[in-house]
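The values are calculated or read from the model by the stated rules, or taken from the named source; none is laboratory data. In this text, all values refer to a predicted model and were calculated from it rather than measured experimentally. Neighbour counts run over all protein chains shown; Cβ positions are idealised from the backbone, glycine included.
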Amino acid sequence: MTSDQDRPTDERAPISWDALAAELEATRQEAESRGDADPVAWDAVAAELAARVSERPAEEIAVLAVPVEDDVAAAPPSVSEPEGEPEPVLEPLEPLDPVELRGGLEALLFVMDDPVDEDTLAGALRCDVDQVRTGLAELAEGYDTRSAGITLRRVGEGWRLYTREEHAAVVERFLVDGQRSRLSQAALETLAVIAYRQPVTRARVAAIRGVGVDGVMRTLLSRGLVHEVGSDPDSGGGLYGTTPLFLERLGLTGLADLPELAPLLPETATMLEEHPDS
């Protein structure tokens, strides 16, 4: 019988490891059944197996296929997944009419308490930033040309309206004299209602007095005698109370020092005589 070693290299059958394991197991069981499982014999079998494996040609060893350049060139290009949503295409902004631009800029600058930057103005007006920049320069130049009472200045990264320095004396005289002027009867009545009913809403003060108090409230707020202390949870309106300046002007150390209202109220009979329908 021709063994695998006697065959030519190209005729040798590939090694079947499962068949080889089965053959070795059958040989071992046969040797054990005969009682001659000699270790030397097993060493000879192992040596023969190692010789058969070492004599296999190198080209029969399986290797992983490596793509050649032609295969790489023939492979279709990979399509990458788009990352995120595509950016929207912004439509070009249409330029505003110069008159509309100046009016819009003045309105926005008038209501702003702090300097406002050009991007914010452009977003509110829905126009280009360059047009806003040009409009601001023209607006400031117009104020200076006609010596207006206000001037437009660039402060840091924003723009803001200021009173002109030439009119500082007029503004100062107005503010000082306004602080020293006496309060009207309506202002005193409103201040008394706030002092005794605080915190109180503007609507509640108006209901007690029976007249509107918006103008009087602005006067009291500008004098620093009252201030907003919160908001009403039911109506959402502002709650107002007196300030420390109010106590200082009246010579009081606290609201507990306010005089009692009972002695100041008119008698019931007098009220009925003056208001018989009440």
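Any chance segment 89-99 includes a residue that's at pLDDT 90 or above and either loosely packed, with under 15 Cβ neighbours inside 10 Å or not in a loop (DSSP other than H, G, I, E, B) (or both)?
Yes, that holds for at least one residue.
From the list LEU191, LEU175, LEU252, pick out the single residue that is in a loop (DSSP other than H, G, I, E, B) and over 30 Å from ARG133 (Cβ atoms).
LEU252
Mind telling me which of the residues ARG153, ARG204, ARG160 ends up being assigned to a helix (DSSP H, G or I), of a type in the set (Lys, Arg) and either at pLDDT 90 or above or surrounded by 11 or more Cβ atoms within 10 Å (Cβ to Cβ) (or both)?
ARG204
Of all residues in segment 100-154, which are in contact with a Lys or Arg (Cβ under 7 Å, 6 or more places away or on another chain) and among the basic types (Lys, Arg)?
Listed by number, the list holds a single entry, ARG153.
Which residue is farthest from TYR196 (Cα to Cα), if the candidates are limited to segment 217-234 and must be part of a loop (DSSP other than H, G, I, E, B) and in contact with a helix residue (DSSP H, G or I) (Cβ under 7 Å, 6 or more places away or on another chain)?
GLY224
Looking at LEU139, LEU175, LEU191, LEU220 in this structure, which one is within 42 Å of the chain's Cα centre (by Cα), surrounded by 17 or more Cβ atoms within 10 Å (Cβ to Cβ) and not assigned by TED's automatic domain parsing to the domain that holds PRO233?
LEU139
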